[in-house]
Amino acid sequence: MAIKEILVHLSGAKGGKAVVDAAIDMAQRHEARLIGLFAGVPYEMPTYVIAQLPADVIIAHQEHVEENAQATAEMFEKACTANGISHDYRRGDWRDPVEDIVCMHARYADLVMIEQPDQDSDGSHGREIVDQVVLRAGVPVLIVPNSPAMKGIGTKVLIGWDGGSHAARAVRDALPILEKATSVKVLAVDPKPGLSGLGDLPGADLATFLASHGVKVEADHRKSINGDAGTTLLNEAADIGADLIVSGGYGHSRLGELLLGGVTDTLIEQSAVAVLMSH
């Protein structure tokens, strides 16, 4: 399916300009429309604490949200107009959880673009928003590094391949991007042998599938660095000059909640290039 509607999460954080620049480039290459969504500024505290806050604190937060929304809307509108991009701007209710608003609007988009959580300023909530969007959006999510602004995302792509269902969905979701890429590399890290694994030529089957779609692709496999598949993928991306990593978004259950971890955790927090994930 073609990419024609791209939802851009406008957080108002310092990485906001980077994700808008990347989204404009993506929209130009796919002749897509951008939907800028400002979903509010989250409180960095539990809901039960928020409910007990004094009225003046609530009002001050609402004013902060309004200021952020106006500045963000102006930045988005100016960037899209200057580049001739068809676009729309939407706002969520500041009282609703940011991740719920983004996931709701994502149902009507082909791709969600969101900035990489800033470990210095976003706290745990910025990471939680990304996790929840990857797990619940129902569409591929492209996580854009907050610095520097990315250009040409999807020109040179690295696919992290383990033969699993999440990775398979990510590859299929990424096909419109892969078909336009100048080069694509499939890398299987610590592939399992035999019928239940990736066979004698790990990644070869996926490469054949992609080649049938006109993708310029090569396949390789290697051992991980100290058992760390995520770091191995990041190192490979740097070595080949990739501007995009495609990977499944893997989760595990803890106390009844589905959380991201492992390779996914490393890619979200440490990648210097954009990462496309599906779950």
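Structural remarks
- Charge dipole magnitude, Cβ of K and R +1, D and E -1 - segment 156-278, Cα centre, debye nearest 20: 200
- Note on K180: aspartates and glutamates with a C-alpha under 14 Å away, same-chain residues under 8 apart excluded, are D25, E31, D243.
- When each of S224, S247, S212, S86 is scored by the number of other beta-carbon atoms lying within 10 Å, the sequence from fewest to most is S212, S86, S224, S247.
- Amide H contacts of L244 (H built 1.01 Å from N, under 5 Å, at least 5 apart or other chain): G154, K156, L158
- Structure note, pairs K156/K192; K4/K78; K4/K223: Cα-Cα distances above 28 angstrom occur for K4/K223.
- Shape of segment 156-278, Cα gyration tensor, a/c cut at 1.5: rounded
FYI, it's all coordinate maths here, none of it is from the lab. Small disclaimer: the values here were computed from a predicted structure and weren't measured. Counting neighbours? That spans all protein chains shown, and the Cβs are built from the backbone with ideal geometry, glycine included.
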